[in-house]
Structures are given as structure tokens and as C-alpha cells.
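A short worksheet on the structure shown next.
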Amino acid sequence: MKKSSSFCNYICGLVDGEGSFNISIQSDITHRNRYRLRPAFSIGLHKADKDILHEIVLFFGCGKLRTTCDIIKYEVSDFGSLAKIIIPFFTTYQLRTKKKKDFESFEAICCLMKNKIHLSDESFKNILRLRSQMNLARRRRRNFAGGVAQLVNLPT
């Protein structure tokens, strides 16, 4: 699909309102620091608006759609697609809300992961600090901000 400026700006507005950049952490004894980082980008909408998410899948050429109850979610969790498609898009087409800071932290973490810098203990702690600043409103609602920070004795 051709990348028209107006559609790119539409996507940015949609993501400013309904999108999320996330770094999940899962316990994994096979990893050096015993945790696996999983970056993901998503947009969640009511299932009645599924057509726009189908357009976005075609536009980016990556990711998948998942439906849960009345919500349909477009998600990109493949690291190659994040690094080659999603991050360059949002570097070119800037977000305008607090999500811009979330994206900047997300991009920094993905860069550390791409260069394998996240494997050292100090860099992993730095990633947790960056991550702790992402999605603050949602984390406070879930009372989750201190959970991972406590794993490495970070201030919450």
C-alpha cells in the first residue's frame, strides 16, 4: 500500500490515542540474567472498527490481529519488523502526546537489544529504568509500577 502522508498522520493520531509500546519481561532460566525481554507495539479498538486495523496491517505489511471479546488488537512483536518497519515509521512520523516519550524509551530499549547490550547486568537494570517510565498511567491503574523494579532493587 502506498504511504500517503495523510494516512501516516492518521496512524500517528490513532496510536496517540489507542496505541501502546510495551516491553514485557518474562522469567526465563535459559537467559543469562534469568529474564526475557519482549518488545511489542499494539493498537486496540472495538471490533466494530476492525476495518481500519486491517488497513494498517496491509500498510505496514507485518503484525497480526487478535480478537478478545469486543476488542480487536493489531500487534507487532516480531523484533525484525519492529526494528525495520515500526520504529523507523514513528521516527519519521512523530507522535504528539505522552506516547512520544513511551516510544522514545521503547526505541532506546530496542536499540540496546539489537546491539546485544541488554545482556549485561548493568544494561538490563538500565532497561528496567527506561521501561519503568513507559505507560505510567496504565501501570498506576494496575498498581504494577513497583513489581519489576523490586526484582533489581530499583526505586518505584
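List, in the order given, every pair from Lys3/Lys73; Lys64/Lys125; Lys50/Lys114; Lys47/Lys114 whose Cα-Cα distance in the structure shown is over 26 Å.
Lys64/Lys125; Lys50/Lys114; Lys47/Lys114
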Cα-Cα pairs of the stretch 5-140 separated by more than 18 Å (percent): 55 percent
Size of charge dipole - the stretch 5-140 - debye, nearest 20, with Cβ of Lys, Arg +1 and Asp, Glu -1, no other charges: 520 debye
Residues of type aspartates and glutamates that Lys99 reaches as a straight line, Cα spacing below 14 Å, ignoring anything fewer than 8 places off in the same chain: Asp16, Glu18, Glu107
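Kirkwood hydrodynamic radius, the stretch 1-61, all distinct C-alpha pairs: what's the number in Å?
It is 13.7 Å.
Read the figures in this text as sums done on the coordinates, not as results from a lab. Quantities reported herein were computed from a predicted structural model and do not represent experimental measurements. Note that we place each Cβ from the backbone using ideal geometry, even for glycine, and neighbour counts take in every protein chain shown.
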